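Undergrad: Pasting a structure here, questions to come.
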Amino acid sequence: MIQRTGQTGTSQHPGRTTPLLHASVVPGPRVLRIGVVQAGQVSEERIVKQRSHVSVGSSENNTFVLSTSAIPATFRLFELIDHDYHLNFLEHMTGRVALPTGTCELSLLKAQAERGSRGAYRIRLGEDSRGKVVIGDITLLFQLVPSPPVQPMAQLPVAVLRGAGAIDWNTTIIAAASFLFHFLLLGSIYSDWVDPVVDDEISVAGAIDSLKAMPPPPPVEDHERPEEAASPRATPNRQTAQQPSQQKAATGRSSEKQTAALRNELEKIEFLTVGTLRGEGAATSDVLKNSELHTNALDQAAASGAGVGVGTGELKIGSAGGAIRPGVGSGLPDVGPKGRTDGTDGTGSVAKVAGPQGRASIGSETTVGVVSNASQVVAGMRPGFRSCYQRYGLAENPDAAGSIRLTIRVGAGGEVAGVSASASGSLPAAVVSCVQTRARAGQFNVPEGGSAVVVVPVTFVKQ
């Protein structure tokens, strides 16, 4: 019989939670859970998953290696006999064990324990047994617990197991359908299926009509001095100076032969006009004030009987027959004044002395770029340049003379985009400004490359 004396010998009755713990126990063989306590701390804890013998001692082949001399080098502390665990303890071992009959000290269990080999005592443990065994300064805590579930082996991913040649057709079909759906959606958004149909012929016709309806470009303004606009003689002189330039611009593509023929016709008209005038110097100088002809030579030709004559009803240059006088002859019977002039008292005569006449010479122009009619347009500017020199130079200073170097920038449409002038000599500033204004009124052909620069040297001398 097991004696239960004192607190350590009394049985421990189970509490309320014991049935619940028993109900939660997984059925099956139980295994040992052993912990090693040294110096008040748990140094090792292990669950012996495989139901086998548990040995302790200083040998490395033991289940638990203990550095103590209280037991042999190898001592089988728990022995498995007929599928049941038995506790083996020696005489000097102490401890306490919870058995199905109650909790008892090891010293009290020696009477009922079986004697094994090497003088060890052996006690059969139950399914819920637990306790402690003290070996010297080492305490072993043990408990029979359910066997932990077997952990499944780790498995590799499906892609690794199947290899690179295997295809997941479900995922592939879903991805292909999603791509096709999104592609069709974006195509329908950016397509022109819903745009209205545009007739190209109507669009081109509308563009042509809009070009026809565009207003003409504004005319080039000629900046004249205020005294020119107020003077009655300024208008015909300006028109006479601009007429050759406009004719040259309109006939920029004419040949040199046609230009020479037009110049000859103009000279004939001037000579015929001189023939209808009296032989006085004042009348001739008033009519041809800004002409390039020498006034003295014209006066002598009008007074002499040579140069202009009357033939068979038509005027001929170089024919004899006497000079044409106002009111006399079959060609121009009523040209020129006769008798006294209105507004005079008839006493004495007034003679007007003509001032010096100017001449404008244009040197060879230099063109940076290609402008097909640069020479013709520059030649047409010469009468205007001479008029500026005569009107604003010699009229104010009879000794005015010098040269101007013009730099004309031609735009993409042939228009003059800008004019800069570099003057030398004793030319007034008004002459330079007038020459620049005349040059701005020029119109060239379209230059090759979109732009060009024409450099024109102009020399002004008096005769």
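Undergrad: Listing M381, M93, M214 from the residue with the fewest other Cβ atoms within 10 Å to the one with the most, what is the order?
TA: Going from least to most buried by this count: M214, M93, M381.
Undergrad: Extension gain I174-E91, at 0.36 nm per residue separation less the Cα-Cα distance, in nm?
TA: 22.2 nm
Undergrad: Label S403 and Q50 with points 7 Å out from Cα along Cα→Cβ: what is the distance between them in nm?
TA: 12.3
Undergrad: If neighbour count is taken as other Cβ atoms inside 10 Å, put I123, I202 in order from fewest to most.
TA: Sorted ascending by nearby Cβ count, the order is I202, I123.
Undergrad: How far is the Cα center of the stretch 435-449 from the Cα center of the stretch 401-426, in Å?
TA: One Cα centre to the other: 10 Å.
Undergrad: Short version: ³J(HN,Hα) in whole Hz for each residue of the stretch 40-57, in order, from phi by Karplus 6.51 cos²θ - 1.76 cosθ + 1.60 (θ = phi - 60°), x for Gly and Pro, what are they?
TA: x, 10, 7, 8, 7, 9, 8, 10, 7, 5, 8, 5, 8, 5, 10, 10, 10, x
Undergrad: Suppose the chain between V150 and A260 were pulled fully straight at 0.36 nm per residue; how much longer would it get relative to their current alpha carbon spacing?
TA: 27.3 nm
Since every read-out is calculated from the coordinates, none of them should be taken as a lab result. Keep in mind that this is a model prediction, so the values were computed, not measured. So basically every Cβ, Gly included, is an ideal-geometry build from the backbone, and we count neighbours across all protein chains shown.
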